[in-house]
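Undergrad: Quick one: the structure is below, and I'll ask about it shortly.
The values are calculated or read from the model by the stated rules, or taken from the named source; none is laboratory data. Note that this is a predicted model, so its numbers are computed, not measured. Reconstructed Cβ throughout: ideal geometry from the backbone, glycine too, with neighbour counts over all protein chains shown.
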Amino acid sequence: MSTVEQKTSTTESDVEIVRMTEHDLLEVVEIEEQSGLSRWGWAAYYAELHGGNRELMLVAKPLHVHVDERNIAGYIVARETAGELHINNVAVREQYRRRGYGAMLLGRVLDEARRKRATAAFLEVRDGNSAAQALYRKCGFRGIAKRSNYYSDPTEDAVVMTLDLT
C-alpha cells in the first residue's frame, strides 16, 4: 500500500467546519492556486463574503495542527438561488486529501442548502478530474451534461453534475 492509501479517515471530532471569514482568504486563495481551480482570487471571495450566501462559504480547520502547518485544510463556496444550490469551488490542500475533508465540506453545505429549502444542487467539474467526480458520485451526484471548453488554463471540458435535495 502506498502512503496515501494508508491514511486514515478524518472524523468530525478531528475537524471544525466553520463559516469562512475575511481572515481565511489568504489561505483560501493559496489552496485555490495549488489546486488548479479556475481563478477567483481574493477580491472575488471577499465580495462573495459580503453577499447573501456567506453561510454557504465554509472552511475545514483540523483541530490538531502542528505549529508549522496552515490552519485551513480545505474550503467550499456555493450559492443558493431560486431553490437551486450551485457549488462554485471545493478544494482541499494536497496533504489533507483522501481523508474525508471534501466529503465533510460537501455534506455540510448540502445540509445548509436543504435547510434553505433548495431542491437541487449543481456543479461543474473538470472532465479529467476523476478523483473529484468520484467524491461527488459518492455523495449522490450524477453527471447530466458536458460543457465544451468550459475551463481554461488548461482548456478542458466540464462535466455538469446534479443532486436531488428533496
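Undergrad: For the stretch 143-152, give me each residue that is touching a residue at least 12 places away in the same chain (Cβ under 8 Å) and loosely packed, with under 12 Cβ neighbours inside 10 Å.
TA: Across the stretch 143-152, the qualifying residues are 144, 145, 152.
Undergrad: Taking strands (runs of 3 or more DSSP E) that fall entirely within the stretch 1-83, which contain at least 1 residues that are in contact with a Ser or Thr (Cβ under 8 Å, 6 or more places away or on another chain) and either modelled with pLDDT under 95 or surrounded by 10 or more Cβ atoms within 10 Å (Cβ to Cβ) (or both)?
TA: 57-62
Undergrad: Same structure again: Report whether or not residue 115 is surrounded by fewer than 21 Cβ atoms within 10 Å (Cβ to Cβ), charged (D, E, K, R) and touching a His at 6+ places or on another chain (Cβ under 8 Å).
TA: Spelling it out, it is not the case that residue 115 is surrounded by fewer than 21 Cβ atoms within 10 Å (Cβ to Cβ), charged (D, E, K, R) and touching a His at 6+ places or on another chain (Cβ under 8 Å).
Undergrad: While we're here: Of all the residues that make up the stretch 84-109, how many are among the charged types (D, E, K, R), within 12 Å of the chain's Cα centre (by Cα) and part of a helix (DSSP H, G or I)?
TA: 1
Undergrad: Moving on to the next point. Report the residue count in the stretch 78-99 for those that are under 21 Å from residue 142 (Cβ atoms) and in contact (Cβ under 8 Å) with a residue 60 or more places away in the chain.
TA: Adding up the residues that qualify gives 1.
Undergrad: Would you point out the residue of the stretch 110-147, among those that are touching a strand residue (DSSP E or B) at 6+ places or on another chain (Cβ under 7 Å), among the aliphatic types (A, V, I, L, M) and assigned to a helix (DSSP H, G or I), that is farthest from residue 100 (Cα to Cα)?
TA: 113
Undergrad: Also, I was wondering about something else. Under 8 Å between Cβ atoms, at least 6 apart or on separate chains: pull out the pairs that start in the stretch 22-39 with a residue that is under 15 Å from residue 60 (Cα atoms) and end on any residue that is hydrophobic (A, V, I, L, M, F, W, C) and exposed (fewer than 14 other Cβ atoms within 10 Å of the Cβ).
TA: Here the result reads 25/42; 26/42; 29/42, each pair linking the stretch 22-39 to a residue that is hydrophobic (A, V, I, L, M, F, W, C) and exposed (fewer than 14 other Cβ atoms within 10 Å of the Cβ).
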